[in-house]
Each structure stands twice: as C-alpha cells, then as structure tokens.
Amino acid sequence: MSEAGCTPTLDGLLSCEAAVERLVAAARPIHDRRPVGLREALGEVLAKPVVSSIDVPAWDYSAMDGYAVRAAECSAPGAELPISQRLPAGVSPEPLAAGTAARIFTGAPIPAGCDSVVIQEVCTALDGRVQIDSAVEPDKNIRRRGEDIRAGSEVIAAGTRLQAQHLGLAASVGVDELVVCRRPRVALFSTGDELVMPGEPLAPGKIYNSNLFSARGLLQALGCEVIELGIIEDSLEATKAALASGASGADLVVASGGVSVGEEDHVKPAVEALGSLDLWKIAIRPGKPVAFGHVGATPFIGSPGNPVSLFVTFLLFVRPFVLRLQGRRDWQVQPVVAAADFDWPRPDKRREFQRARLETDASGALRLRVHPSRSSGVLSSVTWANGLAVIREGQVIQRGDPVDFLPFNELLT
C-alpha cells in the first residue's frame with residue numbers, strides 16, 4: 001500500500017503500516033535464476049537487468065513518407081529537384097547527390113547529405129522530379145540514432161514483472177533470452193471440518209471451500225506456483241502434518257482459518273510446535289487477526305477464515321510479502337482519490353477497507369460507491385467491487401468528500 005493514512009498502533013492493535021513493514025522486512029528474495037526465451041517470459045520477474053548493446057534507432061531514419069533533401073536547396077517555396085533515388089524501409093541508401101531529392105518512406109535510413117525530410121503532402125510529384133511547395137527547415141521529420149535508447153544503457157530493471165511491452169522492448173535491442181527469478185512456490189491449505197469441495201454434496205452444517213480458490217487465484221495472479229494441500233481437519237496433528245509437508249517444498253506456507261485462539265483453532269499451537277509464530281491483531285476491518293511466523297525456516301502467513309477477510313488480508317499483507325520474495329520493490333500502490341457517493345457518519349477506531357466501486361458520473365468526475373454490506377461473509381461484494389475504499393481511523397465522510405481508493409487491477413499484479 002501507499003503511505004496514505006499512516007497511523008500508530010491503537011489499543012494494543014498493530015497498525016496496517018507496521019504489519020506490512022514487518023512482513024516486507026522478513027521476506028527474503030529468492031535467488032534461484034533461470035534463462036527463458038522471450039516467448040515464455042510473460043509474467044515472469046526479471047532477475048538480471050536488460051542492457052542494450054545497440055543504439056535504438058541504430059541509424060537516422062525518416063519519420064514520414066516524403067522526400068529527403070538538403071534544406072538549404074529548398075529554402076523558398078516552389079523549389080524543383082530531380083529525384084535521384086527511391087528509399088523504402090530496409091534499403092541501404094547512397095549519399096544524396098547535391099541538387100537532388102530522394103523519394104523516402106517511413107522507417108527508411110536517411111542518406112548522407114540529407115538534413116531534412118519534406119512530407120509528401122506539401123510536394124507535387126512531376127515526371128522524375130518533385131516540386132516542394134513550402135519552405136523547408138533543417139532537421140524536420142528525422143528520427144536520430146540513439147534517440148530512444150543508447151548502447152550501454154539499462155532498459156529493463158531487475159525486479160520488473162515482465163509485461164508485453166517489456167518483451168517488445170527487449171526484442172527491440174536484440175535480446176532473445178532473459179534471466180528471470182524462479183517463481184515462488186507457495187503451499188496452501190484451508191482448515192475447518194465444515195468445509196467441502198465444490199461438486200460434493202452439501203450436508204447440513206457444511207459449506208463449500210471458496211477460500212481455497214480465492215487464495216489460489218490470487219497467488220497465481222502474482223505469478224506463484226501453488227502447492228495445494230487441500231482441506232485440513234480440525235486437529236492439532238493434522239495441522240502439524242500439513243504445515244510440515246508444505247514447508248518441506250515451499251518458499252511460503254499460507255493457511256486460511258484456524259488462526260484465532262479457540263478450542264478448534266489449531267494453527268497457532270501447530271506452528272509454534274514446529275517453529276515460531278506471532279499472532280497479530282491489526283487495526284483494520286475486515287481481517288483483524290493475521291498470523292506470521294516460520295515452520296522451520298519456511299515463512300508462514302495465516303489469514304482469517306471469513307472469505308472477505310481472507311481476500312482483503314491477502315491483498316494487504318500476503319501480496320507485498322510475495323512480491324518481495326520475487327525481488328520486486330513495487331508492492332506499494334498509490335491510491336486514486338475520488339469523491340464519495342456515500343455518507344459514513346459513524347467512524348471506527350480501526351481503518352476500514354470497504355469494498356467499493358469507482359465509477360464516472362455524467363460530468364466525467366470520479367465517484368466512489370461502497371457496497372451496502374460490511375459483513376466479511378458476503379463474498380459477492382468483492383465481485384461487485386473494483387477496489388477498496390480506505391476509510392481512515394475516526395474518519396467521518398459526507399457525500400462529495402475525497403476518499404482514497406485502491407484499485408483491484410493494481411493490487412492483483
């Protein structure tokens with residue numbers, strides 16, 4: 001997240017910023033690297049910066065279709081010159097003979113001796129000659145060598161998650177293979193005897209395991225390899241076995257549910273038996289309880305079991321941890337500021353991350369609506385929303401007041 005709304009700890013609760021800082025500080029970037037071709041690099045995280053060995057463009061070239069000339073020979077409208085050569089893109093031109101013009105097309109190299117390109121719209125083509133109907137100035141419509149990229153310059157930094165434009169940029173400097181970080185391996189399980197998998201009969205007292213698929217999808221969206229451990233029964237031994245199994249082959253273990261201190265919440269004692277655990281009560285709503293620790297040497301993060309709480313705490317806490325594992329530094333998201341299309345008359349001591357929808361009104365102004373339900377069990381609210389409204393501690397909001405908004409499309413990359 002960004003620095004918007006920084007607060008100290010409150011009533012013994014940890015502030016959101018303090019929790020994120022602790023997680024980010026504890027994340028150890030993965031150092032395993034592997035080479036991949038450009039075709040396989042989309043979505044990977046760059047481990048070694050891309051440095052250009054060439055200038056881009058590699059030569060001066062024409063930015064327009066027209067005629068390559070010496071400007072001094074066309075300083076007044078009406079100059080008429082013979083056409084000495086034709087230059088489509090991809091040819092190697094001859095030097096421009098004095099007193100002549102070259103028919104040139106976009107992307108073609110500029111011939112030696114030319115210092116300007118006249119666009120064809122102000123020229124009249126004659127039989128083997130061209131009449132230039134306007135005065136010509138030097139250095140027009142020419143893209144200069146190295147104007148985009150200089151040889152020896154870094155064009156893509158390490159830690160960048162590669163998108164289509166990065167692949168195109170790498171290709172433009174002749175690079176066909178990139179060195180990327182190994183994808184983080186994340187072991188994932190859900191706790192709760194009440195859970196069943198989708199497609200199974202739903203007996204009384206049972207619910208479908210939505211958390212597994214929300215968390216799995218969120219991890220995959222960040223470029224993780226997910227090791228799915230399934231549903232773990234509510235017992236200490238089963239929880240310890242799942243943790244040990246996950247930690248043996250993963251860079252991070254993530255669990256949903258069971259992180260509180262009730263009789264059926266076994267995650268805390270199980271992690272403590274195998275390593276160490278801090279159970280944080282964070283001054284946010286939803287998602288107050290979050291657990292962080294280690295199973296042996298493998299980091300562990302435990303989220304609440306309520307589906308909206310899991311979704312929100314993943315975006316706020318698991319996401320920055322995963323990004324640091326990848327060596328990325330772009331985990332902070334700058335909020336969009338929009339006018340509230342709602343009233344919030346009763347402030348809370350905790351910061352609220354309300355499911356919200358950013359829209360444009362008839363005048364073109366950004367307006368922010370919040371979902372009518374504050375329940376952390378209403379999972380449909382996160383599909384209705386396109387981000388989270390950040391309502392600060394003690395904040396009263398009247399319709400039209402500015403409110404920070406964290407877009408999902410920024411939080412899911």
Could you check the range 348-367 and list, in sequence order, the residues that are touching a residue at least 60 places away in the same chain (Cβ under 8 Å) and under 9 Å from Ala389 (Cα atoms)?
Glu352, Phe353
If I filter the range 118-138 down to residues being β-branched (Val, Ile, Thr) and farther than 14 Å from Glu73 by Cβ, which single residue comes out as surrounded by the fewest Cβ atoms within 10 Å (Cβ to Cβ)?
Thr124
Out of the strands (runs of 3 or more DSSP E) lying entirely within the range 313-413, which hold 3 or more residues that are over 25 Å from Leu188 (Cβ atoms), among the hydrophobic types (A, V, I, L, M, F, W, C) and out of contact with any Cys (no Cβ under 9 Å at 6 or more places or on another chain)?
336-340, 366-370, 387-391
Residue among Ala171, Ala151 that alone is part of a loop (DSSP other than H, G, I, E, B) and modelled with pLDDT of 95 or more
Ala151
Checked the range 1-12 for anything under 19 Å from the mean Cα position of the chain (by Cα) and either polar (S, T, N, Q) or at pLDDT 95 or above (or both); matches are Ser2
Consider only pairs whose beta carbons are under 6 Å apart and that are at least six residues apart or on different chains; among these, list those whose first residue lies in the range 383-410 and is more than 24 Å from Ile282 (Cβ to Cβ) and whose second residue is in a loop (DSSP other than H, G, I, E, B).
Trp384/His371; Gln398/Asp343; Arg399/Asp343
Here are the criteria: (1) in the same structural domain as Ala283 (by TED's automatic domain parsing); (2) of a type in the set (A, V, I, L, M); (3) within 30 Å of Val155 (Cβ to Cβ). Tell me which single one Val50 does not satisfy.
(1)
Every pair of residues 6+ apart whose Cβ atoms lie under 7 Å, when the first sits in the range 196-215 and is closer than 15 Å to Glu228 by Cβ while the second is among the polar types (S, T, N, Q) and in a loop (DSSP other than H, G, I, E, B):
Met197/Asn209
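Yes or no, residue by residue, for (1) under 30 Å from Val322 (Cβ atoms); (2) surrounded by fewer than 16 Cβ atoms within 10 Å (Cβ to Cβ); (3) touching a residue at least 40 places away in the same chain (Cβ under 8 Å):
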| residue | (1), (2), (3) |
| --- | --- |
| Ala79 | no, no, yes |
| Ala97 | no, yes, no |
| Ala102 | no, no, no |
| Thr106 | no, yes, yes |
| Gly113 | no, no, yes |
| Ser116 | no, no, yes |
| Glu154 | yes, yes, yes |
| Arg161 | yes, no, yes |
Looking at Val312, Val271, Val253, which is the one that is in contact (Cβ under 8 Å) with a residue 12 or more places away in the chain, touching a helix residue (DSSP H, G or I) at 6+ places or on another chain (Cβ under 7 Å), buried (at least 18 other Cβ atoms within 10 Å of the Cβ) and more than 26 Å from Glu200 (Cβ to Cβ)?
Val271
Let me confirm something: among Ser52, Ser15, which residue is of a type outside the set (A, V, I, L, M, F, W, C) and modelled with pLDDT under 95?
Ser15
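Table: residues versus (1) at pLDDT 95 or above; (2) loosely packed, with under 15 Cβ neighbours inside 10 Å; (3) basic (Lys, Arg).
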position	(1), (2), (3)
Ala340	yes, no, no
Arg350	no, no, yes
Ala356	yes, no, no
Ser380	yes, yes, no
Gly387	yes, no, no
Ile397	yes, no, no
Would you say Gly296 is among the small types (Gly, Ala, Ser) and surrounded by fewer than 18 Cβ atoms within 10 Å (Cβ to Cβ)?
yes
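The values are calculated or read from the model by the stated rules, or taken from the named source; none is laboratory data. What you see is a predicted model, and the numbers here were worked out from it, not measured in a lab. Neighbour counts run over all protein chains shown; Cβ positions are idealised from the backbone, glycine included.
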